[in-house]
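A short write-up of the structure that comes next.
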Amino acid sequence: MANEPPRDPVKYVETHVYLPYHYVAGDSRAGYLRALKDKKILGSKCSKTGKVFVPPVVNSPESFAPADELVEVADRGIVTTFCVVRIPVTGRDLQLPYVAASVALDGASVSIFAPIQECAPDAVRMGMRVEAVWKADGEREGSHEDILYFRPTGEPDAPQDSYIHRL
Amino acid sequence: MKRPVAVVGVGQTQHSSRRADVNIAGLVREAVDRALQDAGLEHTDIDAVIIGKAPDMLEGVAQPEQFLVGAVGAHMKPMLRVHTAGSVGASTALAAVTHVASGLYERVLTIAFEKQSEGNAMWALSPNMPFMPPLVAGAGGFFAPYCRAYIQRSGCPAHIGALTAVNARANAAKNEYAHLREPLTVEDVLESPMLWDPIRFGETCPSSDGAIALVLASEAAARKGPRRPAWIKSGASYAEAMWVPGRDQVSPLAGRTCAKHVYDQAGITDLWNQIDAAEIYVPFAWFEAMWLENLGFCAESDGWKIIERGEQKLGAHLPINPSGGVLATNPIGASGMIRFGEAALQVMGRAGEHQVEGAKTALGHAYGGGAQYFAMWIVASDQ
Amino acid sequence: MSSLRNVAIVGFAQLPVVARDLHRTSPEMLYPVVRQALADCGVERDAIDFQIAGSVDYMDGRPFGFVAALDVMGSWPPRLDLHLEMDASFCAYYAWLRMQAGDCDTAIVVGHGKTSEGDPRRVLNLQLDPYYQAPMGLDPVSTAALQASAYMARSGVSDRDLASVAAANRTAGARNPENQLHTAATPDELLKTPWAVEPLRSGYLPPVGETATCMVLAAEGKAESMCDRPVWIQGVDHRTELQTIGARDLTQSASARLAAEQALAMAGLQTASEVDVVELFALTPAEELILCDALGLDAQAARPVRNPSGGPLCGYPIMSTGAIRMAEIFRQLSGRAGARAVPGARRAIAHATQGHCLQHNIIWVLGTDRRWA
């Protein structure tokens, strides 16, 4: 039996590809993640224009100048835009639906992506002021998950022209 | 461009969710055979092969152009492999244009493909990377916030995405190669599930297997061919950095810069009247309105009005995506070249049922990355 | 051959090749070399018309790995741009071609990738067709060993001969501060290293290494103000072959031979032995000998001098190894090679390859003089 050729032509070959990778975070990103353990959000400042990039970068993509100086930015800011995700993604375990927002932190010149919670998805608005909700002391590990999510602060929304060109 | 370049052959595959009848080489070969036959050429007439496709994780083969050498007739020829994310099909065609424009190559074959049914496309496009926030849910999840920002900025009504999707399907029904050809109604779209609010399922491109090949030739070689060629009047591919403070993700500067470059080079000064058809890269319906503005067909915030008035339909003033576009067919690596190839077919008068009558000048457009890469060309029936 | 535009290499910068840069991601390694290359040419970023990058997603272990490089290359305002899934040497070809098409006068060509993050032998198994060859578990060392074995059987080359070729690279490489391996080795020492995949000893193969590189190319009219001694491209050609290992004569490299013939013809030369220096992207000593055959070079002859840089054996950073061969020629011909300068060098060949068993080869003929009037 085992030596008989297959009756039907072979149509498919299923191959599982297993490739291990060991990524380097880089000092810039590592410093940013470590600071999250201390409830600090770091950015780096362009040596030419003073604009602040979060997470820190080695150079400003705008001016091409180095951006080595680290600065702290606030853990609060404005939702500049967002979407409500309603479909699951392989390898992610966020509960659906969730709000993925672009958040412009006070003091930063570019936005970060973050989930918004403690707010019905329908109630999230562009311009909404939000603050970070951190993992409890002792539970933070120096990873992106140290910030659990952002929630509305209850303050009045920021005016449209303060964020509409700052997505 | 140092010397004129023409499209002398176009070949595409039957695009579908899964081409289980061919392997990767077979898929690519289907397009190549059709393009060569279209051009009245043999593979021995081709001087170089330029291939493009999107991330290799989509098929689980690293640099597949290497094993495809025999299938595409590239043995003992120069071959290059391009990858510029979603715009790759288009930037690949432009790299091929360079070959002929340089004067060093007479006829080149350029191919773009994706057989993404063979891998796991969703994973391949957004795997969980360490040191990155695990948030963005695929391409739709990335672009949806900017579609929302467009809607906010422009006052675009909620049904514009649906109108765009319905029109794309109506056009695709007239395109024998398109993947999704069943008609849709506005109600179908508005009742379809919301995936990444504000983008609905009915407003989202499919995942397709497909390939397209073009044969580009010098003026002398083009004049020897059996078909009326499409002359490439201009072309350019640009890229911009991602994290530029205040970068306009709704109407990226790279798109506007690229458009100006190709219009200036082709002598287009009155876009609305000089372009007869445009194949633009719309993977999520809202982008059609956004790109109409970015490309300069109308003022900022007016793109959605063109769609509401139906001016972008077949038979109307400026048909957009008469092939059905990316919303009907999206083998990621191929889509950019399909835009370029369809624009060429229009001015060659060979777009069959979805032909724009009397089309003499057409625009092909594609974008990729975080709306960072833009590639465009303008083709015309007259040299 | 009708007249082409004279284009030169006017600058090159790289980081030293290291096993693993623990402090920087791939784009972060690229930033300083782009700045350095431009500074050496005395120009600002805006003076560059076109940018092109070489990197491979599977080597990066992420899809769209190259997109992050835009932010470190000065891609603002938006730039004319392209990216190839190929070594930077092939990217340089496209940039050269664009100059021939009149589409640009200056270009930066970058190569980047952190080889250390993945396992290259496993990743490059995926280059093989997924139906017949990849499932056999062949990796680039195994396929190179198949080629070496076939070559040795046909030519009579011995293990000791391979050791001698490798040792010559190591001796030269000891004088090149950019290398990952910078100690000399004798044939006897290398003969004592264990088999990696017989007939290739581990001493014949490069270690895993990484760097980032930036080359600056400029056309006549611009080149002269960017470099005191531009190195002119006199001829270039590249060819690929069928990948299927069993369908090729592994004892020869037909594509390298044809590319060399075409490139030499463009340069107005009869044979490769008319040049003074040759830099070969040979991963193994057997490949080096096969390439010598393909170029019509006597492997025993003292001129042209082969791999004064130490070759890929001393530093094999993914995506930049081909560019570094061109860089060495730039250094040799522009008086930047210091203690390892080849005296009186005026003409040279730089080679690059990709794919298993020398599947795809590019040959550059470079010189101190312009080719076309």
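What follows draws every value from the coordinates through simple rules; no lab data is involved. Everything numeric in this text was worked out from a predicted model, so none of it was measured. Using ideal geometry, Cβ is built from the backbone for each residue, glycine included, and neighbour counts are taken over all protein chains shown.
Key figures for this structure:
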{"quantity": "The range C:123-195: trypsin sites (Lys or Arg not before Pro) in DSSP loop, at most 12 other beta carbons within 10 Å", "calculated": "C:LYS192"}
{"quantity": "Residue-averaged 222 nm ellipticity for chain C, from DSSP H runs of 4+ at -39500 (n - 2.57), nearest 500", "calculated": "-9500 deg cm²/dmol"}
{"quantity": "Ellipsoid equivalent to the range B:18-170 - semi-axes via the Cα gyration tensor, in Å", "calculated": "34, 20, 16"}
{"quantity": "Span-rule helices in chain C, defined as complete DSSP H runs reaching 27 Å or more along the axis (Cα) with Kyte mean at least 1.6", "calculated": "none"}
{"quantity": "Sorted by Cβ density within 10 Å, fewest first, the residues A:TYR21, B:TYR281", "calculated": "A:TYR21, B:TYR281"}
{"quantity": "Net charge, C:ARG306 excluded, C-beta distance under 9 Å - Lys, Arg +1, Asp, Glu -1", "calculated": "-2"}
{"quantity": "Amide hydrogen neighbours beyond the local backbone of C:ALA53, cut-off 5 Å, H modeled", "calculated": "C:LEU82, C:HIS83, C:LEU84, C:VAL110"}
{"quantity": "Calculated on alpha-carbon atoms, Rg and Dmax of the range A:26-162 in Å", "calculated": "15.4, 43"}
{"quantity": "Label point distance in nm, C:ALA247-A:ASP68, each placed 7 Å from Cα along Cα→Cβ", "calculated": "5.3 nm"}
{"quantity": "Derived scalar couplings ³J(HN,Hα) [the range B:245-251; Karplus, 6.51 cos²θ - 1.76 cosθ + 1.60; whole Hz; x for Gly, Pro]", "calculated": "x, x, 4, 7, 8, 8, 9"}
{"quantity": "Formal net charge of residues neighbouring B:ASN273 (Cβ-Cβ distance under 14 Å; K, R +1; D, E -1)", "calculated": "-2"}
{"quantity": "Helix-only mean residue ellipticity at 222 nm for chain A, each DSSP H run of n ≥ 4 adding -39500 (n - 2.57), per residue, nearest 500", "calculated": "-2000 deg cm²/dmol"}
{"quantity": "Cα convex hull volume per residue for the range A:121-167 (Å³)", "calculated": "106 Å³"}
{"quantity": "Relative packing of B:46-55, C:40-49, which averages over residues the other C-beta atoms within 10 Å, highest first", "calculated": "B:46-55, C:40-49"}
{"quantity": "Along each principal axis, Cα extent of the range C:1-122, largest first, Å", "calculated": "46, 31, 26"}
{"quantity": "Rg ratio (alpha-carbon, reference 2.2 N^0.38 Å) - the protein assembly as shown", "calculated": "0.92"}
{"quantity": "Distance between the range A:32-107 and the range B:284-328 - C-alpha centres, whole angstrom", "calculated": "34 Å"}
{"quantity": "Count of Lys pairs (Cα-Cα under 22 Å; at least 8 positions apart or interchain) in chain A", "calculated": "6"}
{"quantity": "Cα gyration tensor of the range C:152-263 - equivalent ellipsoid semi-axes, whole Å, descending", "calculated": "33, 24, 13"}
{"quantity": "The range C:77-105 and the range C:167-222: distance between their alpha carbon centers, rounded to Å", "calculated": "27 Å"}
{"quantity": "Cβ-based exposure ranking for B:THR361, A:THR153, in which fewest neighbours within 10 Å come first", "calculated": "A:THR153, B:THR361"}
{"quantity": "Lysine pairs within chain B, Cα separation less than 24 Å, 8 or more sequence positions apart or different chains", "calculated": "19"}
{"quantity": "Shielding by other protein chains, C:103-110, mean Cβ within 10 Å", "calculated": "1"}
{"quantity": "Cα-projected label distance for C:VAL342 with C:SER202, points at 7 Å along beta-carbon direction, nm", "calculated": "3.2 nm"}
{"quantity": "14 Å beta-carbon shell around A:GLY138, net charge (K/R +1, D/E -1)", "calculated": "-1"}
{"quantity": "Dipole in debye (nearest 20) - the range A:26-162, about Cα centre, beta carbon charges: Lys, Arg +1; Asp, Glu -1", "calculated": "200 debye"}
{"quantity": "Contact order normalised by residue count of the range B:159-222, Cα under 8 Å, 6+ apart, percent", "calculated": "26 percent"}
{"quantity": "More than 25 Å apart - percent of Cα-Cα pairs taken over chain B", "calculated": "50 percent"}
{"quantity": "For chain C, average projected area of the Cα convex hull in nm²", "calculated": "17.2 nm²"}
{"quantity": "CD proxy at 222 nm, helix term only [per DSSP H run n ≥ 4: -39500 (n - 2.57); per residue of chain B; nearest 500]", "calculated": "-10000 deg cm²/dmol"}
{"quantity": "Paramagnetic reach from C:MET136 in the range C:231-250 [backbone N under 19 Å; point 7 Å along Cα→Cβ]", "calculated": "C:241-250"}
{"quantity": "Relative contact order %, the range B:73-150, counting alpha carbon pairs below 8 Å whose residues are six or more apart", "calculated": "17 percent"}
{"quantity": "Residue exposure sequence - A:THR49, C:THR115, B:THR44 - by fewest surrounding Cβ within 10 Å", "calculated": "B:THR44, A:THR49, C:THR115"}
